[in-house]
Amino acid sequence: MKVLVVNCGSSSLKYQLIDSESEQALAVGLCERIGIDGRLNHTPAGGEKVVIDDPLPNHEVAIQSVLAALTDKQHGVISSLEEINAIGHRVVHGGEKFASSVVITDEVIKAIEECNDLAPLHNPANLIGINACRSIMPGVPMVAVFDTAFHQTMPKEAYLYGIPHEYYDNYKIRRYGFHGTSHSFVSKRAIDITGLEEKNSKVIVCHLGNGASITAVKNGESVDTSMGLTPLEGLIMGTRSGDLDPAILEFIAHKENKSIDDIMTILNKKSGVYGMSGVSSDFRDLEKASNEGNERAADAFRVFCYRVAKYIGSYVAAMNGVDAIAFTAGLGENDKNMRRNVCSYLGYLGIALDEEQNAIRGKETVISTKDSKVKVLVIPTNEELAIARETVALI
Ligand code: ADP
């Protein structure tokens, strides 16, 4: 079966065509600058990247260009659209309505629309992608896979905030968590690799990319996670602040006569290691600057690692122990210095890092020593494959 996986943003659209038997991507690509001018980057498996500079005035045209690229005589990977058996859509927010993936119907679209308030930047864009695919390929079954769904197993003590209850009753303000597809995929791999029994397992997944979150997965279910109502809470990220004293918002607003929108832009786009260092949101740039003596870059790196270690400690408490800790996503998979720094706080758990294993990149690796009490792993995430698997399972 061939599944087209679509991740639609407001001006971009990422896609992969995945063969469900071999679990390999036949082609991957990205439409950029939709509604501005437009560019399609398309890479067939084992082939060269092709850049197509046709205008992409809207998402429907973008989808049509993707389908044309997939069936193109030169760089295409299928001979006709009939070979696409299903489409899996990443949807950011499923609120409390969706605790698992679903086949998309009119009712499902309506229910996703009802979650728009909770993710005003993401859900409407995801829906545009869904509607565009529906109108171009009306007969092809489609599945929505939600970033929030995996975390719907969290107990109340993990998801309620310490604010008046009416805000939960009236607006469903609570912790939802994100990166659920990745946390689910990686925690399952960690259980498989370490030979744990799922029903008796305690795993902490550190998804550390530009956006970063940590999840406590007990007996295969998410029981707590660091992102909240929005992806702003929790760890320090590339450009997001993560946790802070909420009174700081008022303090800056008064001092600098700023609106709440200005403050949110600062916290989402100008903070994190980027704002702290004044250098970059990319940890490779931070390391370079830090090696050249930039103290703020060095501080930003240390504060980031310290926050990760504190969250791990709190999730060990939440689960009354931990069997395995897995690092994933761009930073988690690639930055051995970050992993070493985080693990340097975890000696109390009996964790010992194998330096040689920790230096391996880009593949599943146990990076703790043989006698480490808790296994530490690097597990490359694959959200597209997880979406394709869910899609196949549902249709
Ligand atoms: P996103 O959240 O955008 O999907 P990714 O998971 O792709 O992010 O992670 C991107 C981040 O990973 C970069 O900003 C960078 O900080 C980090 N990263 C990627 N490769 C390396 C590397 N070799 N060394 C250190 N950090 C890296």
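In deg cm²/dmol and to the nearest 500, what is the mean residue ellipticity at 222 nm of the chain if only DSSP H runs of at least 4 residues count, each as -39500 (n - 2.57), divided by the residue total?
Result for the chain, helices only: -11500 deg cm²/dmol.
So how far, in whole Å, is the C-alpha centre of region 206-261 from the one of region 140-202? So the separation of the two Cα centres works out to 16 Å. The Cα atoms of region 1-87 cover 37, 23, 19 Å along the three principal axes, with the biggest extent listed first.
In the chain, the DSSP beta bridges split such that about 70 percent are antiparallel, to the nearest 5.
Here region 1-121 is assigned +1 on the Cβ of each Lys and Arg and -1 on the Cβ of each Asp and Glu. Its dipole about the Cα centre then comes out at about 260 debye.
Taking the Cα atoms of region 55-157, the ratio Rg/Rh between the radius of gyration and the Kirkwood radius comes to 1.04.
Compute a Gaussian network model of the chain, connecting alpha carbons closer than 10 Å, and tell me which residue from Glu113, Glu32, Glu157 fluctuates the most. Comparing Glu113, Glu32, Glu157 in a Gaussian network model of the chain, the most mobile one is Glu157. Cα centroids of region 278-345 and region 347-395: 16 Å apart. Rounding to the nearest 10 and keeping the result within 0 to 90°, find how far the Cα-based axis of helix 123-136 lies from the longest principal axis of the chain. Between helix and principal axis, roughly 20 degrees.
Trypsin sites (Lys or Arg not before Pro), restricted to region 255-289: which are DSSP loop and have at most 16 other Cβ atoms within 10 Å? Sparse-neighbourhood loop trypsin sites (Lys or Arg not before Pro): Lys258, Lys270. Ligands, DNA and RNA excluded, the heavy atoms of Ile128 present near 80 Å² of accessible surface to a 1.4 Å solvent probe. Charge dipole (Cα centre; +1 on Lys/Arg Cβ, -1 on Asp/Glu Cβ; no other charges) of the chain amounts to roughly 740 debye.
Using a/c under 1.5 as the rounded threshold, could you call the chain rounded, prolate or oblate? The axes a ≥ b ≥ c are square roots of the C-alpha gyration tensor eigenvalues, and prolate needs a/b larger than b/c, oblate otherwise. Write out the running numbers ahead of the final one.
Details: a/c = 1.44, a/b = 1.30, b/c = 1.11.
Because its axes are fairly even, with a/c under 1.5, the chain counts as rounded.
Relative to a virtual label point 7 Å from the Cα of Thr105 in the Cα→beta-carbon direction, which members of region 124-143 show backbone nitrogen distances below 16 Å? Zone members listed by number: 141-143.
Considering only Ala253, Asn170, Phe150, the residue lying farthest towards the positive end of the dipole of region 141-260 is Phe150, judged by Cα position with unit charges set on Cβ.
Suppose a student asked you for the relative contact order of the chain, using Cα pairs under 8 Å spaced at least 6 residues apart; what percent would you report? Walk me through the numbers before you get to the answer.
Values: 825 pairs, mean separation 55.0, N = 395.
Normalised by residue count, the contact order of the chain is 14 percent.
Relative to the longest principal axis of the Cα atoms of the chain, helix 260-269 runs at roughly 90 degrees. At most 16 other C-beta atoms within 10 Å and a DSSP loop state: those are the exposed chymotrypsin sites (Phe, Trp or Tyr not before Pro) I care about. Give me the longest piece of the chain that has none. It works out to 162-344. Once backbone amide H atoms are built at 1.01 Å from N, Asp54 has Leu40 as its partners under 5 Å, excluding neighbours fewer than 5 places away on the same chain.
How big is the charge dipole of region 41-94 about its Cα centre, in debye rounded to the nearest 20, if each Lys and Arg gets +1 on its Cβ and each Asp and Glu gets -1 on its Cβ?
Numbers: 3 positive and 7 negative charges, 36 e Å.
Rounded to the nearest 20 debye, it is 180 debye.
Ligands, DNA and RNA excluded, the heavy atoms of His122 present near 80 Å² of accessible surface to a 1.4 Å solvent probe. Pairs spanning more than 31 Å between alpha-carbon atoms, out of Lys199/Lys310; Lys2/Lys188; Lys202/Lys288; Lys156/Lys202; Lys110/Lys270: Lys202/Lys288; Lys110/Lys270.
Each principal axis of the Cα cloud of region 257-355 was taken in turn, and the coordinate range along them, longest first, works out to 48, 34, 21 Å.
The values are calculated or read from the model by the stated rules, or taken from the named source; none is laboratory data. Being a predicted model, the structure only gives us computed values, none of them experimental. Cβ sites come from the backbone with ideal geometry, for glycine too, and all protein chains shown count toward neighbours. When the accessible area is computed, the model is the full protein with side chains, heavy atoms only, and any ligands, DNA or RNA have been set aside. Shrake-Rupley method; radii C 1.70, N 1.55, O 1.52, S 1.80 Å.
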